[in-house]
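The values are calculated or read from the model by the stated rules, or taken from the named source; none is laboratory data. Quick caveat: nothing in here was measured; it's all calculated off a predicted structure. Methodologically, a virtual Cβ is constructed for each residue, glycine included, from the backbone with ideal geometry; neighbour enumeration extends over all protein chains shown. For accessibility, only protein heavy atoms count, side chains too; no ligands or nucleic acids. Shrake-Rupley method; radii C 1.70, N 1.55, O 1.52, S 1.80 Å.
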Amino acid sequence: MATDLHRKVTTPTGPAPDGRDAVVVRGLSRRFEGRTVIGGLDLTVRDGEFVALLGRSGCGKSTLLRILAGLDRDIAGEVRVPVERAVAFQAPRLMPWKRVWRNVLLGLPGAPGRDRALDALKEVGLGHRADAWPRTLSGGEAQRASLARALVREPRLLLLDEPFGALDALTRLRAQAQVADLWRRRRCTVLLVTHDVAEALLLADRVLVMDKGVIAHEVTVGLDRPRDVSDPRFSALRTSLLERLGVEAAV
């Protein structure tokens, strides 16, 4: 049960108050049945920044993302997300009884028309599948439909919770490239939760390592895009992050 110590401080969605910060977190804590999952976490993400969040399973990555998405409110501390936000999860969560374009519009207020869904689907290369049933989509197509459902909301903050985790290697590479292209065109803020160190370095401006419920380490990725995994600087960053995560450098 929440006590008077459990509080959330947010500002209304809309333009960031100073035009620079899309996320501000101070002293965030989250407990589950007496166990602290996040404890005293501080985080600032600037408007237009692409940030990747790494960490071992159970470190609190997905919990943090759900809090930022407004899906978990039983918290202590300060959380400000003063911009429009949308989230895409690893599971596409499409309604099987609705065609793809109707899935894209799920949850939107009012009665948005089919054209709005088509615009979002075309942006992720899925316009030709607008009238398909979800069960006929491949894994990559279903994930793109989920991404379109997030993009149709015109978010300034896009929260991605391991969206490529269930994809095969080739489809995953294509999906990564597509998200990178969307970010370049939209210049929205992206917070990506992932277990893949190379993926984090390929996509992000900044990589954060979460451990024991706090941000324990961060790296600014000062490499030009598109990034080359054979670049010695890329390899050095990857090795350093793997060591931070307790993985042998040779892996």
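By the gyration tensor of its Cα atoms, with a ≥ b ≥ c the square roots of the eigenvalues, what is the shape of the range 177-240: rounded for a/c under 1.5, prolate for a/b over b/c, or oblate? It is oblate, given that a/c is not under 1.5 and a/b is not larger than b/c. Amide H contacts of GLU49: VAL190, each under 5 Å away and 5 or more positions distant or on a separate chain (H built 1.01 Å from N in the peptide plane; Pro and chain starts excluded).
For VAL221, the amide hydrogen comes within under 5 Å of the amide hydrogens of ARG206, VAL207, counting only partners 5 or more places away or on other chains and with H modelled in the peptide plane.
Sequentially through the range 81-86, phi angles give Karplus couplings (6.51, -1.76, 1.60; θ = phi - 60°) of 10, x, 9, 5, 9, 8 Hz, Gly and Pro residues having no value and appearing as x. Between the residues HIS195, LEU71, LEU160, the greatest Cα displacement towards the positive end of the dipole of the chain, with unit charges on the Cβ of Lys, Arg, Asp and Glu, is found for LEU71.
Overall, the accessible surface of the chain at a probe of 1.4 angstrom is composed of carbon and sulfur to the extent of 51 percent.
Considering all different alpha carbon pairs of the range 114-202, the Kirkwood hydrodynamic radius works out to 13.5 Å.
Charges were assigned to the Cβ only: +1 to each Lys and Arg, -1 to each Asp and Glu. The resulting dipole of the chain about its Cα centre is roughly 720 debye. Taking the helices alone, the chain has a mean residue ellipticity at 222 nm of -9000 deg cm²/dmol, built from -39,500 (n - 2.57) per DSSP H run of at least 4 residues and averaged over all its residues. 3J(HN,Hα) couplings calculated from phi for the range 230-236 with the Karplus curve 6.51 cos²θ - 1.76 cosθ + 1.60 (θ = phi - 60°) are, in sequence order, 8, 5, x, 5, 4, 4, 5 Hz; Gly and Pro show x. Straight-line reach from LYS122: taking Cα to Cα under 17 Å and skipping same-chain neighbours fewer than 8 places apart, the aspartates and glutamates in range are ASP131, GLU141, GLU154, ASP181. Here the 3J(HN,Hα) profile of the range 141-155, calculated from phi with Karplus coefficients 6.51, -1.76 and 1.60 at θ = phi - 60°, is 5, 4, 5, 5, 5, 4, 5, 4, 4, 6, 5, 4, 7, 6, x Hz, Gly and Pro shown as x.
If you take semi-axes √(5λ) of the Cα gyration tensor in Å from the coordinates, which of [x] 40, 22, 16; [y] 46, 18, 14; [z] 28, 24, 17 do you get? For semi-axes √(5λ) of the Cα gyration tensor in Å, the calculated option is [z].
Per residue, the solvent-accessible area of the chain (1.4 Å probe, heavy atoms of protein chains only, all protein chains present) comes to 49 Å².
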